[in-house]
Amino acid sequence: MQISNIELIPGHRIVRHLGMVQGNTVRAKHVGKDILAGFKNIFGGELKAYTELLTEAREEAVQRMIAQAQHLGANAVVNVRFSTSSVTAGAAELFAYGTAVELVEESQA
Amino acid sequence: MIDIAIIATLTLLGYLFGRAAERRHFASILRREEQLKELLVFNERHLPPGDWQQGPLVGGNVVISLDYFKRVVSTLKSLFGGRLTAYESLLERARREALLRMKAQAHTLGAQMVVNVRLETASISKGKGDQIGSVEVYAYGTALIR
């Protein structure tokens, strides 16, 4: 499965569009990590625990999007966009969406 | 009285540590930007001419928090309006750091450039009175590999 945020994949040609696919996840902060982050709020600087948390969450959103694309029989997702929103206090939603397509290699096309 | 002492201590700690951390961070950003300057980043979506073999998605994110001193200062400043320089530098640090992480990932993949770069900003934790304590910036784009 190839993923790209432009509308094509280099060296490949799109033969079929299969529609939009999406994946999301809502993550809450861990209490322990939140306390540590509270200390960081005094000194400033990077909140590594949150950076990791959001990286993982985004990864999961992408995996869900990929699962949906595979279900449609796609072998790539193009034009992928990410979006983040805070739904309630202490939780964030990460959302990934794109267009599922079927690709063939340029040489075969 | 004790409350005031606590706030004053926190503000002082925030000022001392926060300023040192910010200076260190900017020095590190400048150093790494210099290292990765060969790798070009574009925010347009068209591929430059060339025989590109692969175009994987690359991204980098960072969550950065304001220190206590800056938070107090910006609270006071927002009473009068105008520029909140504390937040300006926070967001600048976050954006440049996220871009650098994205570039570092592209570099390890052996990419020549990154196109269609998008930057996304979100406020992660909101403190009392919906005050933004920390921001997340995510930078992503398509790495082009020959």
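Take the Cα gyration tensor of the range A:2-105, multiply each eigenvalue by 5, square-root it, and list the three semi-axes largest first, rounded to whole angstrom.
35, 13, 9
Quote the charge dipole size of the protein assembly as shown about the Cα centre in Debye, to the nearest 20; the model charges only the Cβ of Lys and Arg (+1) and of Asp and Glu (-1). Don't skip to the answer; put the middle values down first.
Working: 30 positive and 25 negative charges, 138 e Å.
That gives the protein assembly as shown a dipole magnitude of about 660 debye.
In the range B:8-84, which trypsin sites (Lys or Arg not before Pro) are in a loop and have at most 12 other Cβ atoms within 10 Å, using DSSP for the loop call? Show your work: numbers first, answer last.
Details: sites: B:Arg19, B:Arg23, B:Arg24, B:Arg31, B:Arg32, B:Lys37, B:Arg45, B:Lys70, B:Arg71, B:Lys77, B:Arg83; in loops: B:Lys37, B:Arg45, B:Arg83.
Those that pass, being in a loop and sparsely packed, are B:Lys37, B:Arg83.
Using only the alpha carbon atoms of the range A:57-109, find the Kirkwood hydrodynamic radius as the inverse mean reciprocal pair distance, in angstroms to one decimal.
12.5 Å
For the range A:2-105, with the dipole built from +1 on Lys and Arg beta-carbon atoms and -1 on Asp and Glu ones, taken about the Cα centre, which of A:Leu54, A:Ala67, A:Val80 lies farthest toward the positive end?
The Cα lying farthest towards the positive end belongs to A:Leu54.
Across the range A:59-73, in residue order, what do the Karplus-derived ³J(HN,Hα) couplings come to in whole Hz, using 6.51 cos²θ - 1.76 cosθ + 1.60 with θ = phi - 60° and x for Gly and Pro?
4, 5, 4, 5, 4, 5, 5, 4, 4, 5, 5, 5, 4, 7, x
Once you mark the GluC sites (Glu not before Pro) that are in a DSSP loop and have at most 11 other Cβ atoms within 10 Å, what is the longest gap between them in chain B?
B:45-146
If I fit a long axis through the Cα atoms of helix A:31-43 and take the longest principal axis of the Cα atoms of chain A, what angle between them do I get, 0 to 90°, rounded to 10?
So the inclination is approximately 70 degrees.
Angle check, please: helix B:85-108 long axis (alpha carbons) against the longest principal axis of chain B (alpha carbons), in degrees 0 to 90, nearest 10.
Computed tilt is about 30 degrees.
Which of rounded, prolate, oblate describes chain B, given a ≥ b ≥ c as roots of the alpha-carbon gyration tensor eigenvalues and a/c under 1.5 marking rounded, otherwise prolate only if a/b is larger than b/c?
In terms of gyration-tensor shape, prolate.
Averaged across B:13-26, how many Cβ atoms of other chains sit within 10 Å of each residue's Cβ atom? Walk me through the numbers on the way to the answer.
Working: counts 2, 4, 1, 1, 4, 4, 1, 3, 5, 2, 0, 1, 3, 0.
The shielding value for this peptide is 2.
Using alpha carbons only, how many degrees (0 to 90, rounded to 10) separate the axis of helix B:2-35 from the longest principal axis of chain B?
Its long axis makes an angle of about 20 degrees.
Between A:Glu52 and A:Val104, what is the label-point separation in nm under the 7 Å Cα-to-beta-carbon projection?
Label-label distance for A:Val104 and A:Glu52, simple model: 4.6 nm.
Subtract the Cα-Cα distance of B:Glu92 and B:Asp3 from 0.36 nm times their separation in residues, and report this length gain in nm to one decimal.
Difference between extended and current length: 28.8 nm.
At 222 nm, what helix-only mean residue ellipticity would chain B give, in deg cm²/dmol to the nearest 500, using -39500 (n - 2.57) for each DSSP H run of four or more? Write down the numbers at each step before the final one.
Working: 3 runs with 71 residues, N = 146.
Roughly -17000 deg cm²/dmol at 222 nm, from the helical runs in chain B.
With 5 Å bins from zero, work out the P(r) of the protein assembly as shown over every alpha carbon pair and list the percent per bin.
Per 5 Å bin, starting at zero, the Cα-Cα P(r) for the protein assembly as shown comes out as 1, 6, 12, 15, 16, 14, 12, 9, 6, 4, 3, 1, 1, 0, 0, 0 percent.
Can you compute the FRET efficiency between A:Thr88 and A:Asn24 using 1/(1 + (r/R0)^6), with r the Cβ-Cβ distance and R0 = 25 Å? Round to the nearest 0.05.
Plugging the Cβ-Cβ distance into 1/(1 + (r/R0)^6) gives 0.95.
In peptide A:6-17, how many Cβ atoms from other protein chains are near each Cβ within 10 Å, on average? Before the final figure, lay out each step's value.
On the way: counts 11, 3, 6, 5, 12, 5, 2, 0, 0, 0, 0, 0.
That works out to 4 on average.
Every number here is computed from the coordinates shown, using simple stated rules; none is lab data. Since the model is a prediction, treat every value here as computed from it, not as a measurement. Cβ: placed from backbone, ideal geometry, glycine included. Neighbour counts: every protein chain shown.
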